[in-house]
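Since the structure comes first, as structure tokens, the remarks are kept for the end.
The values are calculated or read from the model by the stated rules, or taken from the named source; none is laboratory data. Here the structure is a predicted model, which is why all the values come from computation and not from measurement. Here the Cβ positions follow ideal geometry from the backbone for every residue, glycine too, while neighbour counts run over all protein chains shown. Surface accessibility is based on the protein's heavy atoms, side chains included, excluding ligands, DNA and RNA. Shrake-Rupley method; radii C 1.70, N 1.55, O 1.52, S 1.80 Å.
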Amino acid sequence: MQLISLSEHSTPLTEEQADQLNRLVQSLSPQQVTWVSGFLAGINWAGQGVPQAQTAQAPQTGGQPRLTILYGSQTGNGETIARQIYDKAIARGFSASVKDMGDYKKNQLKNEQNLLLVVSTHGEGDPPDNAEELHAFLLSKKAPELKNLRYSVLALGDTSYENFCQTGQDFDKGLEALGAQRVYARGDCDVDYEETAEAWIEGALEGFAEFLQAPQGAVAGVAVQQAAAPGAKIASLYTKKNPFPAAVLENLVLNGRGSAKETRHVELSLEGSGLVFEPGDSLGVMPSNSPEFVAELIDTLKLYGNETVATFEGEMSLTNALSHAYEIAILTRPFLVRYAARSQSEKLLKLLDDGNKKALTAYIHGRDIIDLALQFPIESISADEFTGMLRKLPPRLYSIASSQQANPDEAHLTIAAVRYEAHGRPRKGVASSHCAERLAEGDTIPVYVDSNKNFKLPADGQAPVIMVGPGTGVAPFRAFIEERETLGAGGKNWLFFGDQHFTTDFLYQIDWQRWLKDKVLTRMDVAFSRDTDQKVYVQHRMLERSRDIYAWLQEGAYFYVCGDADRMAHDVHAALIDIVAREGGGLSARMAADYVKGLQRDKRYQRDVY
């Protein structure tokens, strides 16, 4: 049997070729699919032109019910988990398919029988971009009865946010309200999600086992075979669980003298790591807490620091544990619940009542564990008791500001040092202060690559690209331009950049000027908010260039946004809808919003916001 040469295929597959490949997959036995899925796992599908909903489907045999796996993901973690579920389901002999919520036809929901749903919560309780339509549909009056549907939900979130796993809870409750039968309890994952996700996957698949019996002859629990195909990328030994100690090549301040900001350009060596990334991916950085903060916390708790505590990494001193193992700078609700139970403070317990969510959010804002320990002290708390209340110190993700094609064995980061004062005490960002104050050339810091499949350059190098990245949000677009220059992509590139002052905060100014001169960067518009009496931001520059932006979109341009999710991303989104309504020949606001949603569905409008 002659297959299309996947490992050497350098141009997107045609629809005919994609259909041919999918018909071939449909003809395979479950065991053959297991092997093929392992083979495909070693291939970078970005830009191969195969629709994701088609590349991961197992054949349905003998009328066997199919397990549908849907994912809604902003950064790619949800998709990664969904594909892990798929691999495990196929290994059990189940018939399964995995689909992006953004590509899923919502009317198909009424025909589903068995559904596993993985979805993250973005910002303050919002669904990720590719889950917005299905989320709205499920909670609307248009949603059908789903009495024949069996389901389970895995929710991804961050306990430092008030609406932890809100989107997953919405889907879970919405499906139940429509009559669907919950087969396995919802799993709620914090930022350190791996163990919770693995346990949920096993439990959910076991729960569906009676409805999705493996066909005769299938072997349950067969591991997915990894095929070493010629030209396929080999996974690095270094991962989130086993990060690579990257050496610092350069660490310099990008801002000019007199700036109110400190933005760092950090270059790290990945030589010997085997780590591979693409523009749009992030680097996970494993920081350590400030030694001064750790010492102050230990003193506040009336402990010594040399006490031995048991951690997930084994026994170590309290000082070492608080420095490297645990989150201590951010208050989370789970920690507060544990602390309140130990302290028995009536005031703190009342603050945690469900009716006091706004008051709790206001209290958490700008405070850390030292503030809590000072206001609600616990007498004679032991080191082990205290660390038992804490969550792991999570990595911080930074958009990679360089192309691996242009800078092999390196990854560049753009990091704004976070410093402020609140409630009478100075505060610092955990990772940003580590990089700004305690990371010199020659030092090492543990890192890993966090792939973001939802923020990628178009496969077609001739496609125009519009990028909106104020402040450190410009980082991935430096990688975009480096990549397109190195590969000789002929598509037009337009950048909108904003910051406070032209003279001190024009990040990577020399790079942009060179690319403009060399015509790699076609256009650039800037907005420096503090240089004029009236503040001007990137969305204002967009509106001033509305005719040209719409013309580029009509030519097939891809539109990218990176940066602050709270205000900037919303304002840019509103400006984009306004531009489409204004320039689209009298479109209504609703029609313009539908146009923008169409761009999102077609992956021509992508966001990496935080």
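Sort the range 423-476 into rounded, prolate or oblate with this rule: let a ≥ b ≥ c be the square roots of the eigenvalues of the Cα gyration tensor; rounded if a/c is under 1.5, and if a/c is not under 1.5, prolate when a/b is larger than b/c, oblate otherwise. Prolate, because a/c is 1.5 or more and a/b exceeds b/c. Farthest toward the dipole's positive end in the chain, which of Ala406, Met389, Asn493, given Cβ charges of +1 (Lys, Arg) and -1 (Asp, Glu) about the Cα centre? Farthest towards the positive pole: Asn493. For the range 353-457, applying the loop criterion from DSSP together with a ceiling of 14 other beta carbons within 10 Å to the trypsin sites (Lys or Arg not before Pro) yields Arg438. Charge dipole (Cα centre; +1 on Lys/Arg Cβ, -1 on Asp/Glu Cβ; no other charges) of the chain amounts to roughly 1420 debye. Enclosing the Cα atoms of the chain in their convex hull gives a volume equal to 177 cubic angstrom per residue. For Asn452, the residues whose amide H sits under 5 Å from its own are Asp281, Ser282, ignoring neighbours fewer than 5 places away on the same chain, with H placed 1.01 Å from N. At q = 0.16, 0.18, 0.20 Å⁻¹, what log₁₀ I(q)/I(0) does the range 434-592 have when each alpha carbon counts as one equal point scatterer in the Debye sum? Cα-only, vacuum Debye calculation for the range 434-592: -1.01, -1.22, -1.40.
Less than 5 angstrom separates the built amide H of Ala527 from those of Phe497, Gly498, Asp499, all sequence-distant by 5 or more or on a different chain. A Förster radius of 51 Å combined with the Cβ-Cβ distance from Arg601 to Glu437 puts the calculated FRET efficiency at roughly 0.70. Taking all protein chains together and rolling a 1.4 Å probe, Glu296 ends up with roughly 80 Å² accessible.
Accessible area per residue for the chain is 46 Å², calculated with a 1.4 Å probe on protein heavy atoms, without ligands, DNA or RNA. Extension gain for the segment Gln513 to His570, taken as residue separation times 0.36 nm less the Cα-Cα distance, is 17.6 nm to one decimal. Computed extension length for Ser382-Lys302: 27.9 nm, one decimal, from 0.36 nm per residue of separation with the Cα-Cα distance subtracted. The coefficient of translational diffusion for the range 288-365, derived via Stokes-Einstein from the alpha carbon Kirkwood radius under 37 °C and 0.692 mPa s, stands at 233 µm²/s. Got a number for carbon plus sulfur as a percent of the chain's accessible area, 1.4 Å probe? After summing per-atom areas, the C and S share lands at 49 percent. Under 18 Å from a label point 7 Å along Cα→Cβ of Ala341: give me every residue in the range 381-425 with its amide N that close. Counting only backbone N, you get 381-392. Each residue, Gln462 and Lys357, gets one label point 7 Å from its Cα in the Cβ direction; the gap between the two is 5.1 nm.
If you take the square roots of the eigenvalues of the alpha-carbon gyration tensor of the range 438-507 and sort them as a ≥ b ≥ c, do you get rounded (a/c under 1.5), prolate (a/b over b/c) or oblate? Oblate. For the chain, adding -39500 (n - 2.57) for each run of n ≥ 4 DSSP H residues and dividing by the number of residues yields -10000 deg cm²/dmol at 222 nm.
Fully extending the segment from Thr522 to Ala589, taken as 0.36 nm per residue of separation minus the present Cα-Cα distance, adds 21.1 nm. Projecting label points 7 angstrom from Cα along Cα→Cβ for Leu249 and Ala295 puts them 3.5 nm apart.
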